[in-house]
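Peer 1: Submitted below is the structure of interest, expressed as structure tokens.
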Amino acid sequence: MPVPLLTSSEAVALDAHARRLLDVAAGARHPDGGYAWLSDDGTVDPVRARELWITCRMTHVHALGVLLDHPGSTALADHGVAALRGVFRDEAHGGWHARVGPDGAVPGAKTAYEHAFVVLAASSAVAADRPGAADLLEEALAVLLERFVAPAGPGAGLVAEEWDQRFEVLDDYRGLNATMHAVEALSAAADVLDDPGPRAVAAGIVDHVLGRLAPAHDWLLPEHFDPAGRPLLDYHHDRPADPFRPYGATIGHGFEWARLALQLHAATGDTAPGWWVDHAVALADAAARHGWAPDGHDGFVYTVDWDGAPVVRERMHWVAAEAVAAASALHQATGDPRHADRYRAWWAHAGEWFVDPVRGSWVHERSPDGGASSLTWSGRPDVYHALQAALLPRLPLSPSLATALRDGLLPPPGTHPTP
């Protein structure tokens with residue numbers, strides 16, 4: 001059994017940081033429903049429409065706040081659930097609108113990425129016992145499975161990506177980002193519903209990604225595919241800094257896939273393939289090897305090409321957060337002290353580069369030398385990655401943060417967390 005990753009004082013500091021992030025997230029509440037994009041100063045950006053993915057992630061965050069008994073979180077979680085059952089829900093065609101402006105829903109495509117986050121938000125709200133959350137989860141899970149998982153075909157290993165608003169025309173593109181968040185959402189739903197069905201779907205995807213894609217590409221995961229699942233390695237070569245579909249391998253996703261696989265492995269129990277752990281280690285090692293300071297500056301680059309050379313050199317807060325979370329999960333799964341060493345080094349980097357001690361949230365993007373940057377992200381839209389980085393190291397491996405908190409698995413902050 002590995003030794004505890006955190007000292008008592010470090011656990012106290014993480015608890016305080018998580019609660020500060022929850023306070024920041026409270027400021028994103030939009031009076032007309034859902035959650036707004038936050039600017040650099042932590043105030044609502046009045047120009048941007050409300051995004052479905054932000055409302056979902058903030059609802060998830062506030063549901064975690066309910067389970068942490070954080071003041072004000074109950075009303076905020078309920079506010080998010082109400083928006084997902086109300087202003088964001090497409091009553092005419094099913095599913096959810098991607099964005100809502102001052103005049104109501106903005107017509108547009110419906111993607112697996114955003115709908116996966118509806119499932120995650122609903123799952124966390126169910127764990128927090130919020131009104132309406134169970135009905136929301138039932139509907140959202142059905143949409144995710146029927147509209148995005150099923151069309152990809154059995155054993156495809158990828159989800160269908162994008163429909164038109166009416167769910168009549170399916171785009172040819174397939175993406176690993178949406179597929180990854182579908183794994184996260186399906187795992188959380190299985191956990192909160194105590195239903196092995198969604199977990200089996202998630203496991204099939206992990207088998208494909210970790211068992212086939214990762215080793216076939218030297219542990220640098222392709223992100224973009226055609227309908228047959230063939231990698232499109234030059235996709236968006238002309239738009240390398242795209243926030244959701246960048247060219248090349250995304251370093252943060254190597255860490256994120258490793259963590260999600262380890263969490264699912266722990267939940268699956270004795271039937272989980274042992275090689276998942278080995279392949280998760282290999283993914284994280286490749287992300288660390290290619291991503292950390294390849295240009296001589298501290299921090300993880302956003303993307304690299306297929307030879308491992310940096311493409312977009314900006315440092316993203318979410319990549320650092322996922323590196324921290326993956327190191328914590330790897331330490332729990334393997335007991336290897338090098339993962340504890342990485343955890344401490346990467347948290348120190350995150351604290352120096354991204355954590356804002358005045359405003360509480362994390363700076364979302366920096367230039368390679370640590371200066372201000374907005375090449376990919378402007379403002380500080382949400383606290384999803386940062387909050388999870390503050391909570392996951394204190395918890396045992398579990399596919400759902402919300403159910404782990406609900407089940408009392410978080411030790412008091414003044415004690416040594418159980419490995």
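Peer 1: Condition (residue is on the phi > 0 side of the Ramachandran plot and touching a strand residue (DSSP E or B) at 6+ places or on another chain (Cβ under 9 Å)) applied to the range 371-391: is it met by at least one residue?
Peer 2: For the range 371-391, residues on the phi > 0 side of the Ramachandran plot and touching a strand residue (DSSP E or B) at 6+ places or on another chain (Cβ under 9 Å): present.
Peer 1: Output the residues belonging to the range 312-335 that are open to solvent by 50 Å² or more (accessible area, probe 1.4 Å) and in contact (Cβ under 8 Å) with a residue 60 or more places away in the chain.
Peer 2: 334
Peer 1: Out of curiosity, is residue 61 in contact with a strand residue (DSSP E or B) (Cβ under 8 Å, 6 or more places away or on another chain), aliphatic (A, V, I, L, M) and within 30 Å of residue 18 (Cα to Cα)?
Peer 2: In short, no.
Peer 1: Answer with yes or no whether residue 162 is touching an Asp or Glu at 6+ places or on another chain (Cβ under 6 Å), more than 26 Å from residue 280 (Cβ to Cβ) and surrounded by fewer than 24 Cβ atoms within 10 Å (Cβ to Cβ).
Peer 2: yes
Peer 1: I've got another one for you. Out of all the residues in the range 212-227, which are open to solvent by 30 Å² or more (accessible area, probe 1.4 Å) and either among the β-branched types (Val, Ile, Thr) or not in a loop (DSSP other than H, G, I, E, B) (or both)?
Peer 2: 212, 215, 216
Peer 1: Moving to a separate point now. In the range 79-99, what residues are out of contact with any His (no Cβ under 9 Å at 6 or more places or on another chain) and closer than 12 Å to residue 51 by Cα?
Peer 2: 84, 97, 98, 99
Peer 1: For residue 150, indicate whether it is without any contact (Cβ under 8 Å) to a residue 12 or more places away in the chain, assigned to a helix (DSSP H, G or I) and open to solvent by 10 Å² or more (accessible area, probe 1.4 Å).
Peer 2: yes
Peer 1: Another question about this same structure. Give me the pairs: first residue in the range 374-388 and of a type in the set (Phe, Trp, Tyr), second residue assigned to a loop (DSSP other than H, G, I, E, B) and buried (at least 18 other Cβ atoms within 10 Å of the Cβ), beta-carbon distance under 6 Å, and six or more apart or on different chains, which are they?
Peer 2: 377/364
Peer 1: I'd like the full set of residues that are open to solvent by less than 40 Å² (accessible area, probe 1.4 Å), hydrophobic (A, V, I, L, M, F, W, C) and in a helix (DSSP H, G or I), limited to the range 4-15.
Peer 2: 11, 14
Peer 1: Six or more apart or on different chains, Cβ atoms under 6 Å: show the pairs whose first residue is in the range 197-210 and at pLDDT 95 or above and whose second is surrounded by fewer than 22 Cβ atoms within 10 Å (Cβ to Cβ) and among the basic types (Lys, Arg).
Peer 2: Cβ pairs passing all conditions: none.
Peer 1: Right, residue 344: surrounded by fewer than 20 Cβ atoms within 10 Å (Cβ to Cβ), among the basic types (Lys, Arg) and assigned to a helix (DSSP H, G or I) or not?
Peer 2: yes
Peer 1: Can you tell me how many residues within the range 367-388 are crowded, with 22+ Cβ neighbours inside 10 Å and over 25 Å from residue 402 (Cα atoms)?
Peer 2: 0
Peer 1: Could you pull out the residue among 230, 245, 174 that is touching a residue at least 40 places away in the same chain (Cβ under 8 Å) and open to solvent by 30 Å² or more (accessible area, probe 1.4 Å)?
Peer 2: 245
Peer 1: Would you confirm whether or not the range 354-363 contains a residue that is modelled with pLDDT of 95 or more and farther than 18 Å from residue 299 by Cβ?
Peer 2: No, because not a single residue in the range 354-363 is modelled with pLDDT of 95 or more and farther than 18 Å from residue 299 by Cβ.
Peer 1: Let me ask you something else. Looking at residue 148 and the list (1) on the phi < 0 side of the Ramachandran plot; (2) modelled with pLDDT under 95, which single condition is not satisfied?
Peer 2: (2) is the only condition that residue 148 fails.
Peer 1: Considering only the range 402-419, state which residues are outside any loop (DSSP other than H, G, I, E, B) and either open to solvent by 20 Å² or more (accessible area, probe 1.4 Å) or in contact with a Gly (Cβ under 9 Å, 6 or more places away or on another chain) (or both).
Peer 2: Residue satisfying the conditions is 406 alone.
Peer 1: Out of all the residues in the range 280-289, is one or more open to solvent by 40 Å² or more (accessible area, probe 1.4 Å) and without any contact (Cβ under 8 Å) to a residue 24 or more places away in the chain?
Peer 2: Yes - at least one qualifying residue is present in the range 280-289.
The values are calculated or read from the model by the stated rules, or taken from the named source; none is laboratory data. Note that this is a predicted model, so its numbers are computed, not measured. A quick note on method: Cβ atoms are made from the backbone with ideal geometry, for glycine too, and the neighbour counts reach across all protein chains shown. Heads up: the accessible areas ignore ligands, DNA and RNA and are worked out on the full protein's heavy atoms, side chains in. Shrake-Rupley method; radii C 1.70, N 1.55, O 1.52, S 1.80 Å.
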